[in-house]
Amino acid sequence: MAQTVGKYMCVALFVLVTVALGQVVAQSEGAAVWAPTWADTLKKDLLKGYDPSIRPSQHYNVTTVETGITITHVEINEIKSTLSVYGWMKFSWNDPKLTWNPASYGNLNVVRWDPTIVWRPDVVLYNNAGGSDQHHYGDTNVLVYSEGKVLWVPPTEYHAFCELNMRLWPFDYQKCIVKIGSWTFDGYMLNLTIGSEPQIETLVSNSEWKIAKIAVERNTRYYPCCTEPYIDITYNVTLQRQSDTHRAIVIVPALVIMILALSVFWLPLDAGERIITNGILALMVTIYLVYFAQQLPAISGHTPLIVIFFSNTLLLTAFSTIICVIVMNLSKAKHQQSLPGLLKRLAGCVGPFVGVGKKHFSFSDKGNVALESSVDHEWSKFGLVLNRLSFVVYCVIFIICAFYSF
């Protein structure tokens, strides 16, 4: 009996050992077996105890950061007075903590790491229009070289305040600045330099704005709060508006309105169509003024000349209507009294210059007026002089307005 029990115990023990060995073998077969690369070993060795929030130099040494920018697209928001710049920045600096001997790591002389695990300069946009959002850059990898050089080229999106001058709209040039600098380090700790001239690589052509010029300058400023200098890099961006669409929408109708306003004076003096035409012109000008109010911001001291032109045209149309009413009354009404002497002298002086001869207004040697025509004819000719004189004055006014507006 004892032998039988011992035999069963041996069999059970054998089964347990076999099952345990099977599980160990299965686990060992399912586990990934890989050998660390030189990059793994290098990262482990270099970043052991490395703190990415601490500047990689002694507090009395300066870290020099070279900067550069490549612009791919720009936009201007007239309502918010902001400039949006899209592209990528280029930052390059030296990190003494990230140096190694390539021979000790399989001749590996450059690695690409996540940017959050190394120190990066806190360069932000000073004239930022994005509120408290200071994250202007994408989290692309940094390139770390064996001699300690770090290169970071992140995609960039800047939204900067810009003082717009809409005086010459829609043929305006806008000059905006993009000012970047360190948020916490002064010039004794972080020295920003210009590494390369700004580059323009347009990926998608802008339908409204074209970059006319980009200039860069390095500034050193001292603030009242501190004795240390603070360095910033300022990019001066000059943009030119592409005005082909505005020429078709605004300029051509403005010229048509101007021609129609002048043609009113060539209609018959007693034609009621003069009043109707002026009413239509006033309605057209009012519609354009409403359009400008929706398209353009209300900027103090920089009212666009084209808006002033349309406002003056509305006033001129109102005065033209008054003149038309007066001329129609002079030409159609029955007058009991002759033209006053002062008006006769004025018409006699101005008439020859507008195509109305002096024969309609003759003067004796004593200055008394001798009528050569009926009273109504005399008043009608005076209305003709007034009408043609108004046409000449309006031509001069429209030429001056067009010269300054277009």
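The values are calculated or read from the model by the stated rules, or taken from the named source; none is laboratory data. Everything quoted here is computed from the prediction, not taken from an experiment. Ideal geometry is used to build each Cβ from the backbone, glycine not excepted, and the neighbour counts take in all protein chains shown. Remember, those area values only see protein heavy atoms, side chains included, never the ligands or the DNA or RNA. Shrake-Rupley method; radii C 1.70, N 1.55, O 1.52, S 1.80 Å.
Data overview
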item: Considering residues of the stretch 157-183 that are in a strand (DSSP E or B) and open to solvent by less than 10 Å² (accessible area, probe 1.4 Å) only, the residue nearest to residue 47 (Cα to Cα); result: 182
item: Residues of the stretch 282-298 satisfying the condition of being farther than 24 Å from residue 399 by Cβ and in contact with a Ser or Thr (Cβ under 8 Å, 6 or more places away or on another chain); result: 297
item: Residue within the stretch 121-129 that is assigned to a strand (DSSP E or B) and over 25 Å from residue 95 (Cβ atoms) present; result: yes
item: Any pair with Cβ under 8 angstrom, 6 or more apart, that starts in the stretch 222-250 at a residue that is under 19 Å from residue 86 (Cβ atoms) and modelled with pLDDT under 85 and ends at one that is open to solvent by 60 Å² or more (accessible area, probe 1.4 Å) and not in a loop (DSSP other than H, G, I, E, B); result: 242/210
item: Test: residue 192 is within 19 Å of residue 51 (Cα to Cα) and assigned to a strand (DSSP E or B); result: no
item: Search result, residues across the stretch 138-158 that are farther than 20 Å from residue 54 by Cα and at pLDDT below 90; result: 138
item: Evaluation of residue 99 against (1) part of a strand (DSSP E or B); (2) free of Cβ contacts under 8 Å to residues at least 60 places away in the same chain; (3) of a type in the set (Ser, Thr, Tyr) (one fails), failing number; result: (1)
item: Selection count where residues are touching a Leu at 6+ places or on another chain (Cβ under 8 Å) and surrounded by fewer than 17 Cβ atoms within 10 Å (Cβ to Cβ), scope the stretch 82-96; result: 0
item: Residue 92 assigned by the TED database to the domain that holds residue 235, touching a Pro at 6+ places or on another chain (Cβ under 8 Å) and either of a type in the set (S, T, N, Q) or within 30 Å of residue 165 (Cα to Cα) (or both); result: no
item: Residues satisfying the stated conditions in the stretch 53-68, i.e. among the hydrophobic types (A, V, I, L, M, F, W, C) and open to solvent by 10 Å² or more (accessible area, probe 1.4 Å); result: 54, 62
